[in-house]
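As structure tokens, the structure follows; a few thoughts come after it.
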Amino acid sequence: MLQSRHLIDLADLSVSEWEEITRLACDIRGHIDDYYGACRGKILATLFYEPSTRTQMSFQTAMLRLGGRLIGFDNPGNSSVSKGESLKDTIRVVSGYADILALRHPVPGAARAAALYSRVPVINAGDGGHLHPTQTLTDLVTLRQEKGTFSGLCIGLCGDLKNGRTVHSLIKAMAGFPHNRFVLISTPDLTIPSYIKDYLAAVGCPYQELDNLMEAMPELDVLYMTRIQQERFASPEEYERQRGIYVLDREKMKRGKKDLIVLHPLPRVDEITVEVDDDPRARYFEQTEYGLFARMALIMKMTEAAGKRLESVRGGEEPLCANPDCITNRERYVPRSFRKNGDILVCDYCEERTLL
């Protein structure tokens with residue numbers, strides 16, 4: 001039984017629960033027909049406020065493979081959202097129709113806000129540039145199968161580390177295992193957010209920041225490439241200044257270890273050349289298949305028991321979050337909630353830091 005009712009951040013689960021889910025996912029991979037009917041009679045609602053291919057389809061396929069059914073939307077323009085319906089109202093209504101919700105939303109903190117108003121478990125399928133915990137479960141299943149361990153790894157992350165929600169979730173997860181270290185490869189404009197650096201410092205996990213992918217290649221056990229996310233930039237000009245700086249090609253792969261594995265949450269644009277696809281160390285397409293088994297395992301576990309509810313904390317005199325894109329600033333009825341870190345308030349929804 002999972003201790004948390006919802007999956008907003010992978011930190012909602014204990015390390016033992018991550019291991020339990022990844023072991024189950026690996027067993028499903030080897031015996032998928034044995035699990036058909038595990039969710040017979042259950043309904044999954046996929047509420048996707050942003051475009052998605054792999055995440056949405058893998059959730060849908062996972063539920064169908066388990067014998068369940070589907071409702072939801074993949075374009076808010078085709079729902080009452082287009083008429084101005086709030087997130088709260090959408091969630092209250094749809095959670096009355098389904099047994100579990102998978103939500104993707106462009107606003108950081110939206111998944112946590114949704115969990116306050118849902119009658120059923122909520123899975124965060126990506127909230128803006130904040131977190132993407134089910135992609136991280138996918139990555140953990142991939143590492144279990146491809147590397148055989150979660151510990152003692154040098155993990156390079158390259159590209160848009162500022163807006164890459166998959167990067168943030170993966171770092172928070174892998175920092176919880178012993179003897180891992182990170183090489184963070186990005187331009188100064190796309191460096192990792194402060195709250196992730198704070199997290200690494202708090203758990204004592206070493207990392208270094210570089211701006212040169214070629215230089216980093218020889219020491220890496222895992223290379224996690226990410227695209228420069230055009231949709232996260234304020235203007236096309238800002239995007240063009242960043243795109244194409246980091247490209248993994250055959251020459252860079254020559255400098256990598258023989259047992260290196262290359263991952264990518266996809267979609268890719270131009271950050272991995274097509275010639276790399278034929279290198280046996282490129283495992284990003286296999287990674288998408290592992291994602292199906294990861295989500296099957298997660299859905300099974302989350303529908304087995306209710307877990308603990310997420311309690312609503314009334315904001316009272318709490319200040320506004322400093323992040324203008326935070327769900328508490330976009331939908332003002334959402335109660336503000338912070339935790340203290342010295343002289344800093346950290347938003348419980350988007351993790352933006354605000355000075356006291």
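The values are calculated or read from the model by the stated rules, or taken from the named source; none is laboratory data. Just so it is clear, the model here is predicted, and its values are computed rather than measured. Using ideal geometry, Cβ is built from the backbone for each residue, glycine included, and neighbour counts are taken over all protein chains shown. Note: areas computed on protein heavy atoms with side chains; ligands, DNA, RNA excluded. Shrake-Rupley method; radii C 1.70, N 1.55, O 1.52, S 1.80 Å.
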Which one of these does Ala25 not meet: (1) of a type in the set (A, V, I, L, M, F, W, C); (2) open to solvent by less than 20 Å² (accessible area, probe 1.4 Å); (3) under 26 Å from Gln145 (Cβ atoms); (4) not in a helix (DSSP H, G or I)?
(4)
Return yes when Ser82 is of a type in the set (Ser, Thr, Tyr), farther than 27 Å from Ile171 by Cα and crowded, with 16+ Cβ neighbours inside 10 Å and no when it is not.
no
Being over 23 Å from Asp27 (Cα atoms), open to solvent by less than 40 Å² (accessible area, probe 1.4 Å) and under 22 Å from the mean Cα position of the chain (by Cα) is true for just one of Ile272, Ile299. Which residue is that?
Ile272
Could you list, in sequence order, the residues of the range 28-45 that are open to solvent by less than 40 Å² (accessible area, probe 1.4 Å) and closer than 21 Å to Ser95 by Cβ?
Cys39, Leu44, Ala45
The range 244-269, subset of a type in the set (D, E, K, R) and open to solvent by 60 Å² or more (accessible area, probe 1.4 Å), residue nearest to Leu137 (Cα to Cα):
Arg268
Out of all the residues in the range 127-150, is one or more free of Cβ contacts under 8 Å to residues at least 40 places away in the same chain, open to solvent by 40 Å² or more (accessible area, probe 1.4 Å) and not aliphatic (A, V, I, L, M)?
yes
So Ser95 passes all but one of these: (1) touching a strand residue (DSSP E or B) at 6+ places or on another chain (Cβ under 7 Å); (2) modelled with pLDDT under 95; (3) open to solvent by less than 10 Å² (accessible area, probe 1.4 Å); (4) not aliphatic (A, V, I, L, M). Which condition number does it fail?
(2)
Near pairs, Cβ below 7 angstrom, 6+ apart or cross-chain, from the range 67-80 (of a type in the set (Ser, Thr, Tyr)) to any residue that is in a strand (DSSP E or B)
Ser79/Phe73
Complete set of residues in the range 28-59 that are without any contact (Cβ under 8 Å) to a residue 40 or more places away in the chain, in a helix (DSSP H, G or I) and within 21 Å of the chain's Cα centre (by Cα)
Met57
For the range 199-220, how many residues meet the condition of being within 21 Å of the chain's Cα centre (by Cα) and surrounded by 15 or more Cβ atoms within 10 Å (Cβ to Cβ)?
4
Which one is nearest to Leu13 (Cα to Cα) among residues in the range 160-198 that are surrounded by fewer than 23 Cβ atoms within 10 Å (Cβ to Cβ) and among the polar types (S, T, N, Q)?
Asn180
